[in-house]
Amino acid sequence: MKNFPKYFFTFWIFGFALFAYWQINDPDPEIWVSVYLVAILFSAMAVKGIHPLIPLAICITACIIGAIYFYPDSVSGWVAYEMENKDLTMKTKDSEEARETFGLLFIAAVLSVSAYLGRKKRKLQT
């Protein structure tokens, strides 16, 4: 269990890198690639056992606010549309925004684990 954070965050470094790669063809890649690069940076820091709580809190809050902003009108409608088309191309603005929402939620969840570990580490030191 002691090595779990190292493996967990290493997995997400590769996951976020893949997400960033997929954003290259996005209409606004400079925004979304940058967002995933920040997630990679925090994940790499977490692999090293570094959990800066204030920057993590800011990033988590920004991701949650962004996810609320981009949240699709109907998640089931978006999923049904994706299943009906049987491809992953972004043909509508709703598809793009739904994917961006869930990308931000993934980042918030992963960085929340880092914040939890950092808080736990800080409590043990005091």
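A short reminder: the numbers here are calculations on the coordinates, not readings from a lab. Not measured: the values here are computed from a predicted model. Quick reminder, even Gly has a Cβ in these numbers, built from the backbone with ideal geometry, and neighbours come from all protein chains shown.
Listed values, structure above:
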| quantity | calculated |
| --- | --- |
| Residue exposure sequence - 61, 10 - by fewest surrounding Cβ within 10 Å | 61, 10 |
| Separation of the residue 31 and residue 112 label points, Cα + 7 Å toward Cβ, nm | 2.3 |
| Inter-part distance where the range 29-48 and the range 92-126 are each reduced to a Cα centre, Å | 11 |
| Label-point separation in nm, residue 7 to residue 120, each point 7 Å along Cα→Cβ | 1.5 |
| Whole-Å semi-axes of the ellipsoid equivalent to the range 4-125 (Cα gyration tensor, √5λ, descending) | 29, 15, 12 |
| Relative exposure of 22, 32, judged by other C-beta atoms within 10 Å (fewest first) | 22, 32 |
| Which of 117, 37 has the fewest Cβ neighbours within 10 Å, and the rest in rising order | 37, 117 |
